[in-house]
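Participant: Have a look at this one.
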Amino acid sequence: MSTHHNPPPLVRYSPAERFNHWVTALTFLLLSFSGLALFHPSMFWFTQFFGGPTWTRILHPYIGVVMFVSFSGLALKFWHHNLLTRNDIVWLRRIADVVRNREDRLPEVDRYNAGQKLLFWTMIATIPALLLTGVVIWRPWFAPYFSIDVVRLALLLHAVCAFVMIAGIIVHIYAAVWVKGTIGAMVRGTVSRAWARKHHPGWYRRVIGGK
Amino acid sequence: MALQSLDIVRRSATTTPSPQQRQTMEVAKLIDVTKCIGCKACQAACQEWNDLREEVGVNEGSYQNPHDLTANSWTLMRFAETEENGTIEWLIRKDGCMHCADPGCLKACPAPGAIIQYSNGIVDFHEENCIGCGYCIAGCPFDIPRLSNKDSKVYKCTLCSDRVSVGLEPACIKACPTQALVFGSKEDMIEHANDRIADLKERGFGNAGLYDPAGVGGTHVMYVLHHADQPGLYSDLPKDPAISPTVGLWKGIFKPLATAALAFTALAGFFHYVTVGPNETEEDEEEEKA
C-alpha cells in the first residue's frame, strides 16, 4: 500500500564513531596517495595533490601520526566485535558463496562477518607497524638515531605493510559499494531492517530484542 | 647541473630512456693511498671549487678534520693507525663518493631526475629535484650522501662533473702535490694502478692491489691499497660492498610487483561488479516478515 511506511531504520554507528571512521579514512587516502607517489614513479604525479614532491615528503609522516591516533580510537571501540568465532571459519570456507551473493548458504553473521573481522585484524597488525617503521625512516628527525641496517629494514617493512593495508582497504571500499545499503551505515549511521536481517541476522535479533 | 646532457645512462625514478645519444669516455679517479701524505689539499680544493666552507671543529686526537663527511665536506682524509702488519702504519684514505657503476643511491631514489648517472660513469645529485627523503643514504653501500640541515637536500662529491664536462680534471686532482690522485679514462687508470701495484709488490707489499669492487659493478673512484686483502684497515673501507639485499628487494622485485597487485585488486573489484553484480537488499522482504 502506498500509505504504508517502513519501520524506522536501525542505528549502526553513532556520530562519534562516524567522525572517528572518516578521520581515519581521509588520512588513509592522503597517506596512500602520498606514499604511493614515492613508491613507484608511475604514481609520482600524485605529489601534485600535496603541493609538490618535497611537501609530499614533509607532510606524509605527520598525517601518519594523525591516522594512527584516529585508528586507535576505532580499535578500542570495535575490537570486541571482531573476535573470530567458529561460524567465521565456516563463512571463510564458503567464500565462493560470499562473492556470488548467496547469503542463504552462509552461517549466521553477527555484527561483523569474517571478512570484516579479518580486515580489522589486518589493520591492527599493519597500522602500528607502519607507525614504528615510519618513525625509523622519518627524516630529518628520527632516522639518524637508528643504524643504517635498521633503517633499510624499516623502509622495506613500511612498503610491505602499506601494500597489505592498501590492498585490504581496496577490498573494504569495494565491499561497501558492492553490498548495497552499507554506505549509509557510515554516512548517516543507519541501516534498513531488511539489510540487517539479510547481512547481519545475529546482530539484528540482538538489536530488536534489546528494544 | 643546468647544462644540457645528452649522455645520461640512468636517471632516478624514471622508467623510460633518458637522452643518451652522446657516448662519452668512461673516466675514473685513482687514489693511490700509498703515495698520500695526508696534506688535505684535496679537501681544501674541493671546498674552494664548490664554494663550500666547513664549520671550524674541535680536535678529537686525530688529524681527521672534520670528523665525518658533511653536506659541506664532500671529501675527507680519514686517518687510521694499525699494527696489524707487524709495524705501526699510518693509513690515510681520501673518502668520498665512489661513483659506482651500479649506484645504490640512484636505485633507492624516488624523485625523478634527482640522481643522474652519465655515460662517463659520474653519478651526480641534482639537488633541485631532491625531496629530502634520505632513501639514497639507505641505498649507498659506502655511507656517503649527507642530508643538509640547512635545506634538507643531500650532497656528495660530483667528481667535479662541471669541470669534467668541459675537459678539466676534478679540483682535488689538480691540488694533489704527490700525484697520489690521478684522473683519466678508467682504462688508463687501471693500467697506471697496475704499474704502481707491481712496484709496491717489489717493495715488499705482497698484498698490494686495486680496489674496484665488483659487487657494485666496479667504481669510478678506485684505490691503490698496500693491503688490498684488508680494506677494513683503511677506516672501514668495505671488503665486498654491494647494494643491501633489503634495498634490492624493496626497489627491485617488490616495487613493480606490489604496484601491479594493487592495480589488479582494484580491477578485480570492478569486474566483480559488472559480472556478478551488486548485492542488493529487497526492501519488500521487510513487509513480508513484518
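All of the numbers you see were taken from the coordinates with simple rules; none came from a lab. Worth saying up front: this structure is predicted, and the values here are computed from it rather than measured. Neighbour counts run over all protein chains shown; Cβ positions are idealised from the backbone, glycine included.
Participant: Quote the charge dipole size of the protein assembly as shown about the Cα centre in Debye, to the nearest 20; the model charges only the Cβ of Lys and Arg (+1) and of Asp and Glu (-1).
Facilitator: Working: 47 positive and 48 negative charges, 418 e Å.
In debye, rounded to 20, the protein assembly as shown gives about 2000.
Participant: A follow-up question, please. Can you compute the helix-only [θ] at 222 nm over chain B? Use -39500 (n - 2.57) per DSSP H run of at least 4 residues, normalise by all residues, nearest 500 deg cm²/dmol. If you can, show how the numbers build up before the last one.
Facilitator: Details: 9 runs with 77 residues, N = 290.
So the calculated ellipticity at 222 nm is -7500 deg cm²/dmol.
Participant: Mind putting a number on the dipole of segment B:53-172 about its Cα centre? Charges go on the C-beta only, +1 for Lys and Arg and -1 for Asp and Glu, and I need it in Debye to the nearest 20.
Facilitator: Working: 10 positive and 17 negative charges, 80 e Å.
The dipole of segment B:53-172 has a size of about 380 debye.
Participant: Once every DSSP H run of n ≥ 4 in chain A is given -39500 (n - 2.57) and the sum is divided by its residues, what mean residue ellipticity at 222 nm do you get, rounded to the nearest 500 deg cm²/dmol?
Facilitator: Values: 9 runs with 138 residues, N = 211.
Theoretical 222 nm ellipticity from helices: -21500 deg cm²/dmol.
Participant: Per Stokes-Einstein, at 25 °C and 0.890 mPa s, what whole-number D in µm² s⁻¹ belongs to segment B:1-62, with the Kirkwood radius over Cα pairs as the hydrodynamic radius?
Facilitator: On the way: Rh = 16.2 Å.
After rounding, the answer is 151 µm²/s.
Participant: Taking amide H atoms as placed 1.01 Å from N in the peptide plane, list the residues 5 or more away in sequence, or in a different chain, whose amide H sits under 5 Å from that of residue B:279.
Facilitator: Sorted by chain and number, the residues that satisfy this are A:179, A:180.
Participant: Here is a further query. Would you please put A:195-201, B:240-246 in order of how densely packed they are, using the mean number of other Cβ atoms within 10 angstrom per residue and starting with the highest?
Facilitator: On the way: A:195-201: 21.1, B:240-246: 17.1.
Ranked from most to least packed, the peptides come out as A:195-201, B:240-246.
Participant: Quick one: plug the Kirkwood hydrodynamic radius of segment A:74-153 (C-alpha pairs) into Stokes-Einstein at 25 °C, 0.890 mPa s, and report D in µm²/s.
Facilitator: Values: Rh = 15.3 Å.
It comes out at roughly 160 µm²/s.
Participant: Turning to a different aspect of this structure: Report, in degrees rounded to the nearest 10, the 0 to 90 angle that the Cα long axis of helix B:186-202 makes with the longest principal axis of chain B.
Facilitator: For helix B:186-202, the angle is close to 50 degrees.
Participant: If you count, for every residue in B:100-110, the Cβ atoms of partner chains within 10 Å of its Cβ, what is the mean? All intermediate terms of the calculation are to be shown ahead of the outcome.
Facilitator: Values: counts 0, 0, 0, 0, 0, 0, 0, 0, 2, 1, 10.
Mean partner shielding for this stretch: 1.
Participant: What lysines does residue B:107 reach when the alpha-carbon gap must be under 19 Å and sequence neighbours fewer than 8 apart in one chain are set aside?
Facilitator: Straight-line reach from residue B:107, under 19 Å: B:153, B:156, B:251, B:255.
Participant: Using the Karplus equation 6.51 cos²θ - 1.76 cosθ + 1.60 (θ = phi - 60°), what ³J(HN,Hα) coupling, rounded to whole Hz, does each residue of segment B:55-65 give in order, writing x for Gly and Pro?
Facilitator: Values per residue, Gly and Pro as x: 5, 5, x, 10, 7, 10, x, 8, 6, 5, 7 Hz.
Participant: Can I ask one more? Kirkwood Rh, segment B:59-159, all Cα pairs: how many Å? Let's see the in-between values first.
Facilitator: Numbers: mean 1/r = 0.0677 Å⁻¹.
Evaluated over segment B:59-159, this radius sits at 14.8 Å.
Participant: A further question on this structure: Treating each Cα of segment A:1-86 as an identical point scatterer and ignoring solvent, apply the Debye formula and state log10 I(q)/I(0) at q = 0.15, 0.24 Å⁻¹.
Facilitator: The Cα Debye sum returns log10 ratios of -0.70, -1.08.
Participant: At 15 angstrom or more along the helix axis (alpha-carbon based) and mean Kyte-Doolittle of -0.5 or higher, what helices does chain A contain? Whole DSSP H runs only.
Facilitator: Going by DSSP H runs, the hits are A:15-37, A:53-78, A:114-136, A:148-178.
Participant: Using +1 at the Cβ of each Lys and Arg and -1 at the Cβ of each Asp and Glu in segment B:132-290, identify which of B:248, B:136, B:279 lies farthest towards the dipole's positive end.
Facilitator: B:136
Participant: Listing B:166, A:66 from the residue with the fewest other Cβ atoms within 10 Å to the one with the most, what is the order? Don't skip to the end; give the middle numbers.
Facilitator: Details: B:166 8, A:66 15.
Sorted ascending by nearby Cβ count, the order is B:166, A:66.
Participant: For segment B:203-210, take each phi angle, set θ = phi - 60°, evaluate the Karplus expression 6.51 cos²θ - 1.76 cosθ + 1.60, and give the result in whole Hz per residue in order, putting x for glycine and proline.
Facilitator: 8, x, 8, x, 9, 4, x, 9
Participant: Continuing with the same structure: Looking at chain B, what % of the alpha carbon pairs are farther apart than 35 Å?
Facilitator: Values: 11841 of 41905 pairs.
Beyond 35 Å sits 28 percent of the P(r) for chain B.
Participant: Continuing with the same structure: Placing one identical point scatterer on every Cα of segment B:58-111 and ignoring solvent, what is log10 I(q)/I(0) from the Debye formula at q = 0.27 Å⁻¹?
Facilitator: -1.06
Participant: Ok, one more. Peptide A:180-188: average number of partner chain Cβ atoms within 10 Å per residue?
Facilitator: Working: counts 4, 5, 2, 0, 0, 0, 0, 0, 0.
Mean shielding count: 1.
Participant: Averaged over peptide B:129-140, how many Cβ atoms belonging to another chain are found within 10 Å of each residue's Cβ? Kindly include the intermediate steps, with their values, before the conclusion.
Facilitator: Details: counts 2, 3, 10, 6, 12, 9, 7, 0, 6, 10, 2, 1.
That average works out to 6.
Participant: Please identify every one of the GluC sites (Glu not before Pro) in segment B:218-290 that sits in a loop by DSSP and has no more than 15 other beta carbons within 10 Å of its own beta carbon. Write out the running numbers ahead of the final one.
Facilitator: Details: sites: B:280, B:282, B:283, B:285, B:286, B:287, B:288; in loops: B:280, B:282, B:283.
Sparse-neighbourhood loop GluC sites (Glu not before Pro): B:280, B:282, B:283.
Participant: Taking 2.2 N^0.38 Å as the expected size of a compact globular protein, what ratio does the Cα radius of gyration of chain A give against it, to two decimals?
Facilitator: Working: Rg = 20.1 Å, N = 211, 2.2 N^0.38 = 16.8 Å.
Ratio of Rg to 2.2 N^0.38 Å for chain A: 1.20.
Participant: Against the empirical 2.2 N^0.38 Å scaling, what ratio does the C-alpha Rg of the protein assembly as shown come to? Can you show the working numbers first?
Facilitator: On the way: Rg = 30.4 Å, N = 501, 2.2 N^0.38 = 23.4 Å.
Cα Rg divided by the expected 2.2 N^0.38 Å: 1.30.
Participant: Can you tell me which of A:17-30, A:95-108 comes out highest on packing, and rank the rest after it, using the mean Cβ neighbours within 10 Å? All intermediate terms of the calculation are to be shown ahead of the outcome.
Facilitator: Details: A:17-30: 17.4, A:95-108: 13.4.
Packing proxy ranking, top to bottom: A:17-30, A:95-108.
Participant: Please name which of B:57, B:25, B:79 has its Cα lying farthest along the dipole of segment B:2-115 towards the positive end, using unit charges on Cβ (Lys, Arg +1; Asp, Glu -1) and the Cα centre as origin.
Facilitator: B:25
Participant: For a quick protection proxy, order the peptides A:164-172, B:190-198 by their average other-Cβ count within 10 Å, most packed first. Intermediate results must be reported in sequence, preceding the final value.
Facilitator: Details: A:164-172: 18.8, B:190-198: 15.6.
Highest to lowest by the protection proxy: A:164-172, B:190-198.
Participant: Let me ask another. If you project the alpha carbons of segment A:72-121 onto their three principal axes, what span does each projection cover, largest first, in Å?
Facilitator: Largest to smallest, the principal-axis extents are 34, 18, 14 Å.
Participant: Place +1 on the Cβ of every Lys and Arg and -1 on the Cβ of every Asp and Glu in the protein assembly as shown, take the dipole about the Cα centre, and give the residue among A:135, A:177, B:98 whose Cα lies farthest towards its positive end.
Facilitator: A:177
Participant: Hey, another quick one. Under 5 Å between amide H atoms, partner at least 5 residues away or on a different chain: which partners does residue B:223 have, H built in plane at 1.01 Å?
Facilitator: Those lying under 5 Å, H to H, from residue B:223 are B:31, B:211.
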